[in-house]
Amino acid sequence: MSDTHLSEEGRRRSALFNRSSGLLKIILRTLGSIIVTMVGLLAITFLIGRVMPIDPVISVLGERATKEAYDAMFIEMGLDKPIVVQFLYYLWDVLHGNFGESRLTARPVIEDLIRVFPATMELATIGTIIGVFIGVPLGVLAAVKRGTIIYQIIRVVALVGYSMPIFWLGLVGLLVFYGVLGWVGGPGRLGIFYVDLVPTVTGLILIDSILDGQWDVFWDAVSHVILPASLLGYYSLAYISRMTRSFMLEQLSAEYITTARVKGMSEWKVVWRHAFGNIKVPLITVIALSYAGLLEGSVLTEIIFSWPGIGSYITTALLSADMAAVLGGTVVVGLVFVCLNLFSDLLYKVFDPRAK
């Protein structure tokens, strides 16, 4: 075998080793970031549970507990140990999926969260889809038509959606589209006659009804979800369209866009292939944050529409001083944010070659 061939083989192996090492460093750095973030989140939720003016022992036993029962439960819950040891116990329980038992439902909190989270996910996902498929084109159109009446109309639409109280829009929507026109279903995920007709597979009633072939349940679920999802979609649309417009205006004023137009390139290619192609990466972050915001911030919508999601679950638990449920829900919401940030980072590698 020639020296040249050996040299080329060595370079290939060296390049492969360098790529593997770089990938391993990225993976370790990402995992380290996730671990640090989650430990910080758990530390904050643990401290919140300790500083709240609610006695965890009383919340479990009730206010009529005897002194002997109180002391026994105090020791059983580990409250007699140093705060650092208590946090380590809390960390160990959370890692094993043990968030304690809900005082309100008398069930493990993890079971409640598994039951209510799909409802919020279904609502937020549909709202985000509406926001993306309408908000992105509106943002691009507003940037292209800058200074025209179309630009002003889109700005007003986004401003109203971004600043209008969503609870007010929800009440008006229920009054008009449900109470007066009867175009949509009322509060809740299903009408009372369709409850428990579909076996739970994914927890997403639209998907479960399709899997079971229950099309009457599916359309009833659509009639119930369309109004709250549209309201969340309008809120998401306002944010996404505004950010898309801002990103596009910056790109359309760049020199490479002027050069492309001078060369006679069609406006469609200039706008969508070049300008829009360069805003995909920041737009991914905007959409991910919008989705996470709907998952975490749809509390008022869920309460108004009696939607049995995680927002209404945490709110009800907080009003009932059910701190185990509140802290468990907070941890899940934080985990969702971390996962969505990680997912957006992975999408960077797909849409931006510089990040590979």
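As an exercise: evaluate Ile279 against (1) in contact (Cβ under 8 Å) with a residue 24 or more places away in the chain; (2) β-branched (Val, Ile, Thr); (3) within 24 Å of Glu122 (Cβ to Cβ); (4) crowded, with 18+ Cβ neighbours inside 10 Å and give the number of the one condition it does not meet.
Checking Ile279 against (1) in contact (Cβ under 8 Å) with a residue 24 or more places away in the chain; (2) β-branched (Val, Ile, Thr); (3) within 24 Å of Glu122 (Cβ to Cβ); (4) crowded, with 18+ Cβ neighbours inside 10 Å, the one that fails is (3).
Condition first: of a type in the set (A, V, I, L, M) and either modelled with pLDDT of 80 or more or in a helix (DSSP H, G or I) (or both). Now tell me which residues in segment 256-282 satisfy that.
Listed by number, the residues that qualify are Ile257, Ala260, Val262, Val270, Val271, Ala275, Ile279, Val281.
Whether any residue in segment 205-213 is surrounded by 13 or more Cβ atoms within 10 Å (Cβ to Cβ), in contact with a Phe, Trp or Tyr (Cβ under 7 Å, 6 or more places away or on another chain) and of a type in the set (D, E, K, R) is what I want to check.
no
Name every residue in segment 169-220 that is of a type in the set (Gly, Ala, Ser), in a helix (DSSP H, G or I) and closer than 19 Å to Gly233 by Cβ, in order of residue number.
Those that are of a type in the set (Gly, Ala, Ser), in a helix (DSSP H, G or I) and closer than 19 Å to Gly233 by Cβ: Gly170, Gly173.
Anything in segment 143-189 that is surrounded by fewer than 13 Cβ atoms within 10 Å (Cβ to Cβ) and in contact with a Phe, Trp or Tyr (Cβ under 9 Å, 6 or more places away or on another chain)? List them, or say none.
Correct list: Val160, Trp183.
Determine which member of the set Thr244, Thr301 is closer than 21 Å to Ser344 by Cα and touching a residue at least 24 places away in the same chain (Cβ under 8 Å).
Thr244
Looking at the structure I just gave you, is Ala124 touching a Lys or Arg at 6+ places or on another chain (Cβ under 8 Å) and assigned to a helix (DSSP H, G or I)?
No: the conditions fail for Ala124.
Give the number of residues within segment 315-356 that are closer than 28 Å to Thr285 by Cβ, at pLDDT 75 or above and either of a type in the set (Asp, Glu) or more than 21 Å from the chain's Cα centre (by Cα) (or both).
0
Return the only residue of Ile154, Ile226 being more than 18 Å from Ile303 (Cα to Cα), hydrophobic (A, V, I, L, M, F, W, C) and either assigned to a helix (DSSP H, G or I) or without any contact (Cβ under 8 Å) to a residue 40 or more places away in the chain (or both).
Ile154
If you take the residues in segment 298-312 that are among the small types (Gly, Ala, Ser) and either surrounded by 20 or more Cβ atoms within 10 Å (Cβ to Cβ) or within 9 Å of the chain's Cα centre (by Cα) (or both), which one is nearest to Gly188 (Cα to Cα)?
Selected residue: Gly309.
Any idea how many residues of segment 313-327 are touching a Ser or Thr at 6+ places or on another chain (Cβ under 8 Å) and either touching a residue at least 24 places away in the same chain (Cβ under 8 Å) or of a type in the set (Asp, Glu) (or both)?
Selection size over segment 313-327: 7.
Would you please name the residue that is nearest to Phe46 (Cα to Cα), looking only at residues in segment 123-142 that are buried (at least 23 other Cβ atoms within 10 Å of the Cβ) and under 18 Å from the mean Cα position of the chain (by Cα)?
The qualifying residue nearest to Phe46 (Cα to Cα) is Ala124.
Matching residues to (1) more than 21 Å from Gly328 (Cβ to Cβ); (2) touching a Lys or Arg at 6+ places or on another chain (Cβ under 7 Å); (3) at pLDDT 70 or above:
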position	(1), (2), (3)
Lys25	yes, no, yes
Leu28	yes, no, yes
Ser33	yes, no, yes
Thr37	no, no, yes
Ile44	no, no, yes
Met52	no, no, no
Arg64	yes, no, yes
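The values are calculated or read from the model by the stated rules, or taken from the named source; none is laboratory data. Computed from a predicted model, the values in this text were never measured in an experiment. As a convention, Cβ positions derive from the backbone with ideal geometry for all residues, glycine included, and neighbour counts pool all protein chains shown.
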